[in-house]
1. Looking only at the stretch 127-141, count every residue that is farther than 17 Å from GLU111 by Cβ and among the aliphatic types (A, V, I, L, M) and tell me the total.
2. Which residues, taken from the stretch 5-28, are out of contact with any Pro (no Cβ under 8 Å at 6 or more places or on another chain) and under 14 Å from ASP47 (Cα atoms)?
3. Restricting attention to the stretch 80-98, and to residues there that are part of a loop (DSSP other than H, G, I, E, B) and touching a strand residue (DSSP E or B) at 6+ places or on another chain (Cβ under 7 Å), which single residue is surrounded by the fewest Cβ atoms within 10 Å (Cβ to Cβ)?
4. For the stretch 99-129, how many residues meet the condition of being open to solvent by 90 Å² or more (accessible area, probe 1.4 Å) and modelled with pLDDT of 95 or more?
5. Report the residue count in the stretch 29-46 for those that are over 17 Å from ALA12 (Cα atoms), out of contact with any Pro (no Cβ under 9 Å at 6 or more places or on another chain) and surrounded by 19 or more Cβ atoms within 10 Å (Cβ to Cβ).
6. From the set of residues in the stretch 1-28 that are of a type in the set (Gly, Ala, Ser) and surrounded by fewer than 17 Cβ atoms within 10 Å (Cβ to Cβ), which is farthest from the chain's Cα centre (by Cα)?
7. Kindly provide the set of residues from the stretch 47-65 that are buried (at least 23 other Cβ atoms within 10 Å of the Cβ) and part of a loop (DSSP other than H, G, I, E, B), ordered by number.
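The values are calculated or read from the model by the stated rules, or taken from the named source; none is laboratory data. Not measured: the values here are computed from a predicted model. For neighbour counting, all protein chains shown are included, and Cβ atoms are generated from backbone atoms with ideal geometry for every residue, glycine included. The accessibility values were calculated without ligands, DNA or RNA, using every heavy atom of the protein model including side chains. Shrake-Rupley method; radii C 1.70, N 1.55, O 1.52, S 1.80 Å.
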Amino acid sequence: MIVIHPEARVSAMADIEDSVRGTRIEIGARSVIDSFVKIKPAGGSGDLVIGERTVINSGCVLYTGQGLRIGNDVAIAANCTFAPVNHAYQDKSRPINQQGFLPGKGGIVIEDDVWIGANCVLLDGAVLRKGCVVGAGSVVRGEVAEYTVVAGNPLRQIGERS
């Protein structure tokens, strides 16, 4: 089920796939989904919920996996990947693409007033608290404290908002 608020703007060149497993995709009022954004229900039956006044820029890929919640007033720069899912790979007697998925780590949660720089990757279990900033090219696997500025891989705090 795809629910797009009438005041949201979704580019005609964005690609939002409907789920065959009942996953809900919801886009809030005055949010913007730019060209070449891909939203794909895959790797679980979690919902993808995008709050109000959130902007997702060109080239981002969002999987639903174990769930992805994006708050209000979030800015997401170009070419970010959100993967709230974990592939199984341990059994070397079977091809990786036939092993399915591991249990989830809670999906991805992004609270209000967050900025995510270009080319970031957010993995299952990432929690970005209110007001934090994630620098371009970062990989986020765990919790980022509110109003901190983090960057890198491995991720580390480089500042805070004042």
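1. Within the stretch 127-141, residues that are farther than 17 Å from GLU111 by Cβ and among the aliphatic types (A, V, I, L, M) number 2.
2. Of all residues in the stretch 5-28, those out of contact with any Pro (no Cβ under 8 Å at 6 or more places or on another chain) come to 5-16, 22, 24, 26-28.
Within the stretch 5-28, ILE16, GLY22, ARG24, GLU26, ILE27, GLY28 meet the criteria.
3. We begin by selecting, within the stretch 80-98, every residue part of a loop (DSSP other than H, G, I, E, B); these are 80, 84-86, 88-95.
Next, from what is left, pick out any that are touching a strand residue (DSSP E or B) at 6+ places or on another chain (Cβ under 7 Å): 80, 84-86, 88.
Details: CYS80: 24, PRO84: 28, VAL85: 23, ASN86: 18, ALA88: 13.
By that ranking, first place goes to ALA88.
4. Within the stretch 99-129, the subset open to solvent by 90 Å² or more (accessible area, probe 1.4 Å) is 101, 103, 105, 115.
Now drop any that are not modelled with pLDDT of 95 or more, which leaves 115.
Residues meeting the conditions: 1.
5. Matching residues across the stretch 29-46 total 1.
6. To start, the set of residues in the stretch 1-28 that are of a type in the set (Gly, Ala, Ser) comprises 8, 11-12, 14, 19, 22, 28.
From what's left, surrounded by fewer than 17 Cβ atoms within 10 Å (Cβ to Cβ): 11-12, 22.
Details: SER11: 18, ALA12: 20, GLY22: 19 Å.
By that ranking, first place goes to ALA12.
7. Across the stretch 47-65, the qualifying residues are THR54, CYS60, THR64, GLY65.
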